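Enquirer: Encoded as structure tokens, here's the structure I'll be asking about.
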């Protein structure tokens, strides 16, 4: 079994917590994902949820709604393409500022 390592972000075992470069980071809310909706349009889906938070006609509407939620919850926003792959990612949590490195 191949061991997978990411030295920048390691899970701590508790929901929404990670160690980032030796510092504990706690995200307050659920990460938000913008993904294609099976019935057409785009949906906003909270991490771990089975049902979408909102379904929109356009990707832009879904992104705006998801960004608002991510900011309110101090979480991350993942924007997926039609192929399901992550196109971009924004963090609205308690990241170290200024960034190290």
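Just so you know, all these numbers are worked out from the coordinates, no wet-lab data involved. Every value quoted in this text rests on a predicted model; they were computed, and no experiment measured them. Here the Cβ positions follow ideal geometry from the backbone for every residue, glycine too, while neighbour counts run over all protein chains shown.
Enquirer: How large is the Kirkwood hydrodynamic radius of region 28-91, counting all unique pairs of alpha carbons, in Å?
Expert: On the way: mean 1/r = 0.0889 Å⁻¹.
With all distinct Cα pairs of region 28-91 included, I get 11.3 Å.
Enquirer: Say R0 is 30 Å: what FRET efficiency, to the nearest 0.05, do residue 85 and residue 54 get from their beta-carbon distance?
Expert: Taking R0 as 30 Å, the efficiency between residue 85 and residue 54 is 0.90.
Enquirer: Over region 28-91, what is the percentage of antiparallel beta bridges among all DSSP beta bridges, to the nearest 5? Kindly include the intermediate steps, with their values, before the conclusion.
Expert: Values: 13 of 16 bridges.
Bridges in region 28-91 that DSSP calls antiparallel: roughly 80 percent.
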